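What follows is one structure encoded as structure tokens, with my remarks underneath.
What follows is calculated from the coordinates using simple rules that are stated; it is not laboratory data. Bear in mind that the values here come from a model prediction, so they are computed numbers and not experimental data. Using ideal geometry, Cβ is built from the backbone for each residue, glycine included, and neighbour counts are taken over all protein chains shown.
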Amino acid sequence: MRTVTVVGASLAGLYAARALRGQGFDGRLVVVGAEPHRPYDRPPLSKDFLTGKADEEQLALCDEEESAELDAEWLLGMPAQGLDPQGRAVLLADGRTLTTDGVVIATGAGPRMLPGPAYAGVHVLRTLGNARALRTELANGPRQIVVIGGGFIGAETASSCAALGHDVTVIEAAPLPLVPQLGADMAAFCAGLHQRGGVRLICGTGVAALHAGRTVTGSGGSAHDRAVTGVELTDGRLLAADLVIVGIGAHPQTRWLSGSSLALDAIDGGVICDDGCVTALPQVVAVGDVAKVGGIRAEHWTSATEQPAVAVRNLLAGRTTETLRTVPYFWSDQYGARIQFAGHRQDGDTVEIAEGSLAEGSFLARYERAGHTVAVLAVDRPRPFLRARRALRDPATDHPELSDPRSIRGPSGVHPRPSGHACDS
Ligand SMILES: Cc1cc2nc3c(=O)[nH]c(=O)nc-3n(C[C@H](O)[C@H](O)[C@H](O)COP(=O)(O)OP(=O)(O)OC[C@H]3O[C@@H](n4cnc5c(N)ncnc54)[C@H](O)[C@@H]3O)c2cc1C
């Protein structure tokens with residue numbers, strides 16, 4: 001291969017560029033990025049960057065020195081607009097066409113939006129630009145904030161806003177947030193963290209409409225928007241709000257692939273790849289949040305860093321020679337607690353506490369299926385979690401820390417919950 005084009009200049013794209021050079025690719029390397037920035041880290045955007053504990057320099061994933069070593073052409077602020085059906089040319093927004101021998105798709109995911117008009121004071125949190133705008137608003141004195149969506153981004157953002165002293169309510173349409181990721185028992189524990197952080201959590205009701213009032217001058221000084229004043233719930237309640245943060249999930253950024261011959265998953269829209277990150281075209285691989293790898297699309301930092309080495313090996317080989325053997329892992333920081341999860345959970349798995357307790361707010365839990373541990377969750381137990389995660393990757397090794405579990409079912413068979421109700425009614 002003489003030219004490889006990486007589309008998406010963020011975490012997975014950077015790791016792909018590193019892997020290409022690390023695996024000996026010495027041809028022309030082009031990195032195309034829609035954002036104007038060099039790769040930066042997103043997890044702090046909802047955590048330390050929002051609270052002001054981290055600044056923009058600390059988000060950078062690659063310094064000038066590494067950038068020079070990679071010897072890549074960075075086309076930033078330049079979205080790709082198309083991929084030809086053979087995967088041999090990338091069309092750029094300025095009309096140029098990049099002829100290429102190989103393509104790494106690393107375009108990530110974009111935030112889902114609420115339908116309806118855009119009002120001032122309504123935010124999403126995906127990019128540095130989003131985070132800058134939200135941070136500026138949070139610095140303008142106490143606000144009444146409604147966070148729509150109780151998933152990880154919503155919960156972390158609510159936690160950061162509460163830590164800054166704002167009045168925060170989280171709305172979750174499901175009966176409990178995070179059930180698909182953690183199962184009902186552990187999700188109930190996490191829902192209790194909102195209460196611990198002084199945040200109201202309202203579950204089981206959706207958003208009917210946003211209300212807006214006075215006309216304000218937009219940030220550009222020209223556009224005039226109406227500013228949000230409240231959130232009307234599907235149960236009829238109206239919550240006053242002068243700031244709304246929408247955290248209702250993300251969708252793979254694949255619009256630019258519409259003229260290509262690549263298949264997208266019918267349910268979540270990810271680029272379908274085999275378990276070596278190779279698409280239907282051997283010279284095109286996909287990595288990170290955009291990729292559906294072997295039937296799984298993970299929106300996790302660690303997946304975006306683990307997939308590129310395998311993808312690039314297969315790209316350079318021209319076929320799948322290696323498959324991913326990793327165990328999905330993510331973490332989340334909320335209300336002073338570090339949540340870590342690894343493995344593949346399914347409905348019907350039993351959950352047992354291997355160490356600590358829910359009452360202490362610090363524990364290691366394991367998910368079991370047919371007598372095997374299939375996933376582990378820890379809250380503020382980083383070292384035992386590390387060992388348990390290793391055990392998942394290498395089940396043949398004896399791991400005594402996962403023995404002698406205590407069932408989370410109490411003597412009466414009732415699951416203990418953190419004190420108080422997880423959700424306000
Ligand atoms: C606020 C926030 C907090 C998070 N916290 C955690 C956490 O605590 N733990 C965890 O495990 N994960 C966390 N994540 C998830 C993690 O950051 C993502 O999994 C990771 O960023 C995925 O990397 P990626 O490179 O695949 O995609 P992205 O980081 O989304 O990058 C994709 C890039 O491609 C660009 N792009 C899109 N379309 C085009 C186009 N047509 N042409 C060119 N470029 C394009 C985008 O602009 C973007 O820069 C968090 C994410 C967010 C947003």
Sorted from fewest to most neighbouring beta carbons within 10 Å, what does the list H211, H372 look like?
H372, H211
Counting pairwise Cα distances across segment 113-246, what percent come out greater than 28 angstrom?
15 percent
Once a ≥ b ≥ c are taken as the square roots of the eigenvalues of the Cα gyration tensor of segment 228-384, is the result rounded (a/c under 1.5), prolate (a/b larger than b/c) or oblate (a/b not larger than b/c)?
oblate
Using a cut-off of under 15 Å, list every residue of segment 151-167 whose amide N is near the label point 7 Å from the Cα of T51 along the Cα-to-beta-carbon line.
155-166
I need to check one value: relative contact order of segment 47-117, counting alpha carbon pairs closer than 8 Å and at least 6 residues apart, in percent.
14 percent
Determine the relative contact order of the chain: mean sequence separation of Cα pairs under 8 Å and six or more apart, normalised by residue count, in whole percent.
15 percent
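From the square roots a ≥ b ≥ c of the eigenvalues of the alpha-carbon gyration tensor of the chain, which class results: rounded (a/c under 1.5), prolate (a/b over b/c), or oblate?
On the way: a/c = 1.97, a/b = 1.17, b/c = 1.68.
It is oblate, given that a/c is not under 1.5 and a/b is not larger than b/c.
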Which value in nm describes the separation of the simple spin-label points at R28 and A208, placed 7 Å from the Cα toward the beta carbon?
5.9 nm
Fewest to most neighbouring Cβ within 10 Å: what's the order for K292, K53, K47?
K53, K47, K292
Taking the Cβ of each residue in W256, W331 as the centre, tally the other Cβ atoms inside 10 Å and list the residues starting with the fewest.
W331, W256
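Once R0 is set to 56 Å, what does the formula 1/(1 + (r/R0)^6) return for the Cβ-Cβ distance between T234 and T97, expressed as a FRET efficiency to the nearest 0.05? Don't skip to the end; give the middle numbers.
Numbers: r = 48 Å, r/R0 = 0.85.
Using R0 = 56 Å, I get an efficiency of 0.75.
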Compactness summary of segment 1-149: radius of gyration and Dmax from Cα atoms, Å, are 17.8, 56
Residue-count net charge about H372 - beta-carbon cut-off 13 Å; Lys, Arg +1, Asp, Glu -1:
0
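Assuming 0.36 nm per residue, please report the length gained on full extension of the stretch Q58 to R135 beyond their Cα-Cα distance.
Numbers: separation 77, 0.36 × 77 = 27.72 nm, distance 1.57 nm.
Extra length available between Q58 and R135 comes to 26.1 nm.
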Roughly how many Å is it from the Cα centre of segment 42-76 to that of segment 253-323, as a whole number?
24 Å
For D275 and R369, extending 7 Å from Cα along the Cα-Cβ vector and measuring point to point gives, in nm, a value of 1.3 nm
Counting DSSP beta bridges in the chain, what percent are antiparallel, to the nearest 5?
60 percent
Given a Förster distance of 60 Å, the FRET efficiency implied by the Cβ-Cβ spacing of Q144 and E73, rounded to the nearest 0.05, works out to 0.80
